[in-house]
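Input: a single structure, listed below in structure tokens.
The values are calculated or read from the model by the stated rules, or taken from the named source; none is laboratory data. This one's a predicted model, so the numbers in the text were calculated from it and none came from an experiment. Glycine gets a Cβ as well: all are built from the backbone with ideal geometry, and neighbour counts include every protein chain shown.
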Amino acid sequence: MEVIIEEISRGHKLIGRHKFAQQTVSIGRGYHSDIILSDPHVCAEHLTIEFDGENWRIIDQDSINGCFLDEGKKPADGHIVRSGDIITLGKSQIRVVFPYHPVATSITLSPFENLINLAKHPVVLSVNILIFALLTGWIFYLNNPKEVNFTQLLVPAVGLSLIFAIWPAIVSLVSHLTKHDARIFTQLGICFIFYNLTWVSDFLEAFLQFNTSSASVLPTLSKLLPIVIAFCLFWLNGYIGFHLSKTRRIVIAASLTGLLFGGGFLVQLSKKPEFSIRPKFDSTLLTPDFLIAKSSTVEAFIEDSNKLFDKVEKKAKKDKE
Amino acid sequence: MKRFIGVWLIIISSIASAAEQAETLFKQLAPSLYQIRLIDKASGEKSSIGSGFQISGDGLIATNYHVVSSYARHPEKYRIEFLDNQGKKSTLTLESIDVINDLALVKREVQQPMAYFTISDSVPAKGEELFSLGNPHDLGMIVVPGTYNGLKKESFNDRIHFTGSVNSGMSGGPVVNKDAQVVGINVATSGNQIGFLVPHDKLIDLVNNYHQDNSLTIDQQMSKQLNEYQANLIDRLLKSDWQLKKLGQGIIPTIDVPFIRCWGESNADKSDALMMLAVANCSLEENTYITSDFFTGSLEMEFRYLQAKKLSNTKFYRLFQRQIARVMPGNKAGKDDVTEFQCQHDIVMPSHQLMTTKSIFCTRAYKDFDGLYDALYLSISVDRNDQALLSHFTLAGVSQKSAQAFTKQFMESVSWK
């Protein structure tokens, strides 16, 4: 009867896979073994797996460090193997499987995967990075009260693009280290697409803020958009870089989003003074071209202010108590 | 030559007589003059000093409100003490205040009727010689001769312009005519030889009110006075002529009253500037002192006209946005005095239909004075690509009604040419 022996890492990742048709398989550090392990904690002749016509049985060859079932302390010597058993020898692990051991159902090739792969297409990738760099430079130009020349814009544009490339690089590095496919260009492509989406959401927020009064909830709702974008980005980072279960991927993406926005929120909260004399209002201004809202009358504006007076009056009374 | 010597003699004799007069006056009045000190209870040391003078036989002493303001706001922390010309000290009680005219009445205990200052019943003539008494910088009681120069024109509250040195510490001291009658109270200085006095009639009013009704607490008196004052001021402003003036391509209002003065500035000399800027500022040149870190009663208006020169419209508005984010309130006030500002904003078009603006209105309430607020308004035109007009005002210590009426008038007055 055939037997399959898999060398696996501590994290149960597959290192090597061997199929044997003989009755005895020897495992050890010695070069005469059927499976040669390089772990120094493994003896030259460490164990054999023998078929007695009915069962496969583990025989410890009086090794120094012994062999155990799973990660546990239960000695494996004389154990009758069932398909899928994991045996620890020294600091290494092997998994013994019989033919026709059940395997997971195959994953269908999704059109979604093709869409993601589009992000690494050289044209798509470079266009996205270029858009990001141009927008960064443009915003730097807008915020600079003096006249600026091209070189002065180039430095922050290129600098910021490089800084923002660090995140996909880190994700790729981690997936590479955890024995996954690094897919650096896909990660880069996806990240820059989403960075550019945040510019769009920034503009949308400014547009709504400019065109609505303080009574409107729309600008507040639009503040959720960057959070959604960040979640999608982290989810895709996980999807591209790691084989994770659906729930796990959602949990990780949600935690990263929480860390990013929650952290930012905490920093803001810790910096907030107990009392501020500075009025806090929305100062968003866009050019007249983006003004689509209908104007209110002076009377309506004054009428609205009644609510403000009520609010501060109540606050003053409360503080007084 | 003879005539020359004659002139000299006249000058010398007049100086001698003024000095003599001052000396006699001082000797005669000294027992009714006091140094008023606020003693910090915890440390036992004086935290502020001023002058005061007795105005009745039974121990009523007049001084400035700002001399005893810390006590008025935190009576648990301080006590008021006087020091007389013989070096005697004793505690005073705070009886009544006039926060608008910066006056206060304190009282000492007296065993038998004492000498006191009489308050003049007439206004001095312009150019009349007056004598200011007080204790500058804790150096001892002095007398400063000076001249009455009428009431200050650029002031909503009456203030006498006195040509003579009024120094800090002399605050609350009396200013008398040559008959030793009080015609004013030292209150402020504006540098060399320019002093300001509270006219004596304000003191007469305060004393009369005090004798008629002294049931109100100090806080209630302050609240009532601030309320009446703001109502008078805003009423006067709204009834005055709002003159429309040109600022760049914009039209802005200035209020035609002597106590609001305007100043202007522009960057027309800077040829390399990215945008042309013209600024006009108008403000009430006085405010009401509550404590050293709480002022009210102020009014400021500011207008800025901007025109893009070498700029894209997007950048023009972007830079403008950064400018307006830095607006601050016009008066000093702290956590214990006011709430935080609450703001609203909207796109507004006044009834003249000439301008569309993004308007922002903020207000905060006073914690100790019911129904009083600070208001802050800021508005930016958003209907021209390369021109913008910013209009802004702050009002301190006004009622909701006053604030809203003023805001309405102001908003309707700003437009394009």
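Filter segment B:272-303 down to the residues that are of a type in the set (D, E, K, R) and part of a strand (DSSP E or B), then identify the one that is farthest from the chain's Cα centre (by Cα).
Of segment B:272-303, the ones of a type in the set (D, E, K, R) are B:272, B:285-286, B:293, B:300, B:302.
With part of a strand (DSSP E or B) added as a condition, the list becomes B:300, B:302.
Numbers: B:GLU300: 14, B:GLU302: 20 Å.
It comes out as B:GLU302.
Could you please find all residues in segment A:65-107 being under 30 Å from the mean Cα position of the chain (by Cα) and at pLDDT below 85?
A:GLU71, A:ALA104, A:THR105, A:SER106, A:ILE107
Out of the strands (runs of 3 or more DSSP E) lying entirely within segment B:309-410, which hold 2 or more residues that are touching a helix residue (DSSP H, G or I) at 6+ places or on another chain (Cβ under 7 Å) and either within 22 Å of B:ARG236 (Cα to Cα) or more than 7 Å from chain A (Cβ to nearest Cβ) (or both)?
Numbers: elements: B:342-348, B:357-365, B:373-381, B:387-398.
So the answer is B:373-381, B:387-398.
Just need a number here: residues in segment B:342-372 that are over 17 Å from A:LEU308 (Cα atoms) and of a type in the set (Phe, Trp, Tyr).
The number of residues fulfilling the criteria is 1.
Quick one: is A:SER245 without any contact (Cβ under 8 Å) to a residue 12 or more places away in the chain and under 30 Å from A:SER305 (Cα atoms)? Give the derivation first.
Working: without any contact (Cβ under 8 Å) to a residue 12 or more places away in the chain: yes; under 30 Å from A:SER305 (Cα atoms): no.
No, not satisfied.
Within segment B:55-103, work out how many residues are touching a helix residue (DSSP H, G or I) at 6+ places or on another chain (Cβ under 9 Å) and over 30 Å from B:ASN232 (Cα atoms).
Number of matching residues: 9.
Within segment A:119-149, track down each residue that is in contact (Cβ under 8 Å) with a residue 24 or more places away in the chain, outside any loop (DSSP other than H, G, I, E, B) and away from chain B (no Cβ under 14 Å). Before the answer, list the steps.
Looking only at segment A:119-149, we keep the residues that are in contact (Cβ under 8 Å) with a residue 24 or more places away in the chain, and these are A:119-121, A:124-125, A:128-129, A:131-133, A:135-136.
Still in the list and also outside any loop (DSSP other than H, G, I, E, B): A:124-125, A:128-129, A:131-133, A:135-136.
Answer for segment A:119-149, where residues must be in contact (Cβ under 8 Å) with a residue 24 or more places away in the chain, outside any loop (DSSP other than H, G, I, E, B) and away from chain B (no Cβ under 14 Å): A:VAL124, A:LEU125, A:ASN128, A:ILE129, A:ILE131, A:PHE132, A:ALA133, A:THR136.
Within segment B:123-146, how many residues turn out to be closer than 14 Å to B:GLY195 by Cα and without any contact (Cβ under 8 Å) to a residue 40 or more places away in the chain?
The qualifying residues number 2.
Out of B:VAL182, B:VAL175, B:VAL187, which single residue is touching a His at 6+ places or on another chain (Cβ under 6 Å) and within 27 Å of B:ASP58 (Cβ to Cβ)? If you could, list the steps in order and put the result at the bottom.
Numbers: B:VAL175 fails: touching a His at 6+ places or on another chain (Cβ under 6 Å); B:VAL187 fails: touching a His at 6+ places or on another chain (Cβ under 6 Å).
After ruling out the rest, the residue left standing is B:VAL182.
Cβ contacts < 8 Å: first residue on the phi > 0 side of the Ramachandran plot, restricted to segment B:147-172; second residue assigned to a loop (DSSP other than H, G, I, E, B) and crowded, with 20+ Cβ neighbours inside 10 Å, any location; separation 6+ or different chain. Result?
Between residues of segment B:147-172 that are on the phi > 0 side of the Ramachandran plot and residues that are assigned to a loop (DSSP other than H, G, I, E, B) and crowded, with 20+ Cβ neighbours inside 10 Å, the close pairs are B:GLY169/B:ASN135; B:GLY172/B:ASN64.
Which residues, counting only those in segment B:278-305, are surrounded by 18 or more Cβ atoms within 10 Å (Cβ to Cβ), in contact with an Asp or Glu (Cβ under 9 Å, 6 or more places away or on another chain) and modelled with pLDDT of 90 or more?
If the condition is that a residue be surrounded by 18 or more Cβ atoms within 10 Å (Cβ to Cβ), in contact with an Asp or Glu (Cβ under 9 Å, 6 or more places away or on another chain) and modelled with pLDDT of 90 or more, then B:ALA278, B:ALA280, B:CYS282, B:SER283, B:LEU284, B:THR288, B:TYR289, B:ILE290, B:PHE294, B:THR296, B:GLY297, B:SER298 are the ones that fit.
Conditions tested, residue by residue: (1) within 14 Å of chain B (Cβ to nearest Cβ); (2) modelled with pLDDT of 95 or more; (3) surrounded by 15 or more Cβ atoms within 10 Å (Cβ to Cβ).
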residue: A:HIS180; (1), (2), (3): no, no, yes
residue: A:PHE210; (1), (2), (3): yes, no, yes
residue: A:SER216; (1), (2), (3): yes, no, no
residue: A:LEU224; (1), (2), (3): no, no, no
residue: A:ASN237; (1), (2), (3): no, no, yes
residue: A:LEU244; (1), (2), (3): no, no, yes
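Quick one: how many residues across segment B:71-126 are of a type in the set (Lys, Arg) and part of a strand (DSSP E or B)? Give the steps one after another, and end with the answer.
Applying the first criterion (of a type in the set (Lys, Arg)) to segment B:71-126 yields B:73, B:77, B:79, B:88-89, B:107-108, B:126.
Adding the requirement that they be part of a strand (DSSP E or B) leaves B:79, B:89, B:107.
Within segment B:71-126, residues that are of a type in the set (Lys, Arg) and part of a strand (DSSP E or B) number 3.
How about segment A:269-278: which of its residues are at the interface with chain B (Cβ under 7 Å from one of its Cβ atoms) and either touching a Lys or Arg at 6+ places or on another chain (Cβ under 8 Å) or of a type in the set (Gly, Ala, Ser) (or both)? First the steps, then the outcome.
Going through segment A:269-278, the residues at the interface with chain B (Cβ under 7 Å from one of its Cβ atoms) turn out to be A:275-278.
Passing the criteria: A:PHE275, A:SER276.
For A:ASN149, indicate whether it is among the polar types (S, T, N, Q) and closer than 25 Å to B:ASN313 by Cα.
Numbers: among the polar types (S, T, N, Q): yes; closer than 25 Å to B:ASN313 by Cα: yes.
Considered against the rule, which asks whether it is among the polar types (S, T, N, Q) and closer than 25 Å to B:ASN313 by Cα, A:ASN149 comes out as yes.
Could you check segment A:282-321 and list, in sequence order, the residues that are surrounded by 12 or more Cβ atoms within 10 Å (Cβ to Cβ), in a loop (DSSP other than H, G, I, E, B) and without any contact (Cβ under 8 Å) to a residue 24 or more places away in the chain?
A:SER283, A:THR287, A:SER295, A:THR297
Restricting to segment B:248-264, give me the number of residues that are within 23 Å of B:LEU354 (Cβ to Cβ), surrounded by fewer than 21 Cβ atoms within 10 Å (Cβ to Cβ) and among the aliphatic types (A, V, I, L, M).
1
Check A:PHE265, A:PHE261, A:PHE301 and return the single one that is among the aromatic types (Phe, Trp, Tyr) and within 11 Å of chain B (Cβ to nearest Cβ).
Values: A:PHE265 fails: within 11 Å of chain B (Cβ to nearest Cβ); A:PHE261 fails: within 11 Å of chain B (Cβ to nearest Cβ).
Answer to the selection: A:PHE301.
Considering only segment A:174-192, I want to know if a residue exists there that is charged (D, E, K, R) and free of Cβ contacts under 8 Å to residues at least 40 places away in the same chain. First the steps, then the outcome.
Kept after step one, since they are charged (D, E, K, R), are these residues of segment A:174-192: A:179, A:181, A:183.
Pick out the ones that are also free of Cβ contacts under 8 Å to residues at least 40 places away in the same chain and you get none.
Scanning segment A:174-192 turns up no residue that is charged (D, E, K, R) and free of Cβ contacts under 8 Å to residues at least 40 places away in the same chain.
Yes or no, residue by residue, for (1) in a loop (DSSP other than H, G, I, E, B); (2) under 29 Å from A:LEU244 (Cα atoms):
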site: A:ARG17; (1), (2): no, yes
site: A:SER26; (1), (2): no, no
site: A:GLU71; (1), (2): yes, yes
site: A:ILE87; (1), (2): no, yes
site: A:VAL96; (1), (2): no, yes
